[in-house]
Amino acid sequence: MGDIYSNSKIIERIKTERKSIKLSQEAFAAALGYTRKTINSWEKGKTFPQLSDLLNMCNLFDCDLGYLLCEYDCKTRENTDIVNATGLSESTVNIIKFMNQQSKLPANDIFDCMPAKYKNLLHTIDILIQSSLSDDVSVLGLICSYLYGKYSSFETNLITGNENCFYNIDELRLWDNVSNTNILLNEKDIMNVLLISIQTILQQERDKIQSNSSAGSDSPKKVQNSPKNDDIR
């Protein structure tokens, strides 16, 4: 396909997609209207599929042509742009898009809470991301610290007063000369503090949501005046 595209990479991508949807060469050939011999010839690099074959594969693999041609690594150009703009994985992008679609569906009956569930999930994601931009401690930042932090030392400037000093985490203690408290802390204790902080912020967010919800439900509704007899006539 010229110097721009690599036939071997394209064939490898087609082969990978075929296997990802669990199609044998025979089943793949039948779906495209060929024999197994043709598919085998493609995958060995002896021949190359026509443009019409590639378009049929796009329908089969649910992807854009640019993905099969290895122009980008996400299955659609839209996903590629979102991944590049946000840094999220394509699977996460697909999950968010799915939740958004489901949240817009009408409920089947009064017991169908799935649309509302997905709407709340999206709202929760929105809250977590927006709070991470705050100058205050954010729950998303604390979760990040909990998941990725490896705390081997602690920092203080209380000793020298001028410069920060770092000490081994094993030297960290809670000390109170009044109550004669002298407790040695470790990394696990720090992790527990982070969990408590996460729980506290989540509780605060819940209180806000519940308060706003109650304020909305308690607000008086405008009652339409009953029609007078003259209006009825």
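The values are calculated or read from the model by the stated rules, or taken from the named source; none is laboratory data. This structure is a prediction, so every number in the text was calculated from the model and none was measured. All Cβ positions, glycine included, derive from the backbone under ideal geometry; neighbour counts span all protein chains shown. Note: accessible area is taken over every heavy atom of the protein model, side chains too, but ligands, DNA and RNA are not part of it. Shrake-Rupley method; radii C 1.70, N 1.55, O 1.52, S 1.80 Å.
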Within the stretch 30-76, work out how many residues are under 19 Å from N7 (Cβ atoms) and touching an Asp or Glu at 6+ places or on another chain (Cβ under 7 Å).
3
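I'd like the residue in the stretch 22-47 that is charged (D, E, K, R) and under 36 Å from the mean Cα position of the chain (by Cα) and, out of all such residues, is most open to solvent (accessible area, probe 1.4 Å).
Among them, the one singled out is K22.
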From the residues in the stretch 171-212 that are in a helix (DSSP H, G or I) and over 24 Å from I143 (Cα atoms), which one is least open to solvent (accessible area, probe 1.4 Å)?
S211
Flag if K9 is touching a residue at least 60 places away in the same chain (Cβ under 8 Å), surrounded by 11 or more Cβ atoms within 10 Å (Cβ to Cβ) and not in a loop (DSSP other than H, G, I, E, B):
yes
Every residue from the stretch 48-82 that is under 28 Å from the mean Cα position of the chain (by Cα) and among the hydroxyl-bearing types (S, T, Y):
Y67, Y72, T76, T80
